[in-house]
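The structure appears below as structure tokens.
The values are calculated or read from the model by the stated rules, or taken from the named source; none is laboratory data. These figures come from a predicted structure and were not determined experimentally. Using ideal geometry, Cβ is built from the backbone for each residue, glycine included, and neighbour counts are taken over all protein chains shown. In case anyone asks, the SASA skips ligands and DNA or RNA and just uses the protein heavy atoms, side chains included. Shrake-Rupley method; radii C 1.70, N 1.55, O 1.52, S 1.80 Å.
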Amino acid sequence: MFSAWQHVVLDIDGDTKPDVQCDAREMHGLEPNAYDAVFSSHMLEHFPAHEVGRVLTGCHHVLNPGGMVLAVVPDVAGVMRRMVAEGKDIDDECYLTADGLSISFHDIVYGWGRMIEQGNGYYAHKRGYSLKSFSTGFSAAGFPHVYCHAFEYDLTVWAFKAPPTEAQRKMFQLD
């Protein structure tokens, strides 16, 4: 479904050479109704709670009337439940990445400590999410059709400005 789409990258960091250099909190200044979809992977947890609504309404602003958001954040509530159930400490390893890097429960909740220690404050997490808080944020931002699922250590939301098509329902397993 996405193979024919043009991929446009937005980033605040000009060193990454994004197509659109912009702070996600300022998307209201971009052209309205310009995009079919917004994909956000592990970005929303880097904003304080009082700024997340501005980011989400900015996403709503740039989407065309049939547009959708697919967003992923850490499942802090689920990670904490797992940590307690397994009798682990917050500094214990939660999992290994495909590259063999150890990720602790602390990294998931507060941000990747290794990068923060190296001076990259962008990796600090400023907001945690549960299934309820994540889906509620999108509804409050004006998305009338919100589907949220927990998987492993992440929460995924599909938020639509219009009812999802049958193809979207099937592809994203929304039923």
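Odds and ends about this structure:
- Efficiency of FRET between residue 167 and residue 54 - r from beta-carbon atoms, R0 35 angstrom, step 0.05: 0.65
- Mean Kyte hydropathy of -1.0 or more with a Cα span along the axis of at least 18 Å, helices from DSSP in the chain: 49-62
- Computed in the context of the full set of protein chains, the accessible area of the chain at 1.4 Å probe radius has 53% of its extent on carbon or sulfur.
- Relative contact order of the range 91-150, taken over Cα pairs closer than 8 Å and 6 or more residues apart, is 18 percent.
- Label point 7 Å beyond Cα of residue 5 along Cβ direction - residues of the range 62-95 with amide nitrogen under 13 Å: 63-64, 66-72
- Protection proxy ranking for 16-22, 168-174, using the average of other Cβ atoms within 10 Å per residue and placing the highest first: 168-174, 16-22.
- Heavy-atom accessible surface of the range 1-42, averaged per residue, reaches 73 Å², computed with a 1.4 Å probe.
- Charge context of residue 142, other residues only, Cβ under 14 angstrom, K/R +1, D/E -1: +2
- For peptides 33-43, 137-147, sequence by mean Cβ density within 10 Å, most packed first: 137-147, 33-43
- Spatial offset of the range 127-175 relative to the range 49-122 amounts to 16 Å, using the alpha carbon center of each.
- Net charge in the neighbourhood of residue 156 (other residues with Cβ under 14 Å of its Cβ; Lys, Arg +1, Asp, Glu -1) is -4.
- Relative contact order %, the chain, counting alpha carbon pairs below 8 Å whose residues are six or more apart: 21
- Shown are 56, 70, 10, whose ranking by accessible area with a 1.4 Å probe and every protein chain present, most to least, is 10, 70, 56.
- Residue with peak Gaussian network fluctuation, the chain [Cα springs, cutoff 10 Å], from 98, 162, 77: 98
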